[in-house]
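None of the figures in this text is laboratory data; all of them are computed from the coordinates on show. Everything numeric in this text was worked out from a predicted model, so none of it was measured. Neighbour counts are summed over all protein chains in view; Cβ atoms, including those assigned to glycine, are modelled from backbone coordinates with ideal geometry.
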Amino acid sequence: MLEILLLVSLTRKIAAIAERKGVKPGTWKLYVILAWFGGEFAGGFAGALLSLDRILIYLLAICCAVASYFLLRYKLNSMPDVIADDWINHIGEKEDRDASLPTQQGL
């Protein structure tokens, strides 16, 4: 039960980062869930190959799941932020030029 609550919390955090980056948050939520269970499976499989106790297999699986989340978050954080006020890319456009020119009425 705690693992599910943790996964819900992590998906919400990733969704907030994804919105800031300008990408679809639902897609990144799905990536978190897939990465979590993929990491958990990989850690459990590696622990079973090493013939560890069941509790150690579970701890290794959780550690791999958390590591996969942090790798995914690192990938998302490395993307550039979307700038809401994108004025720098519109400098010199016709509307800006016309608005900044002095009018003859004021002379």
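A few remarks follow.
- For the stretch 2-81, fraction of C-alpha pairs farther apart than 22 Å, in %: 29
- Cross-link partners of residue 29 among lysines (Cα-Cα below 16 Å; sequence separation of 8 or more within a chain): 13, 21, 75
- Radius 14 Å from Cβ of residue 58, net charge of other residues (Lys, Arg +1; Asp, Glu -1): -2
- 5 angstrom amide H check on residue 23, placed H, neighbours 5+ away: none
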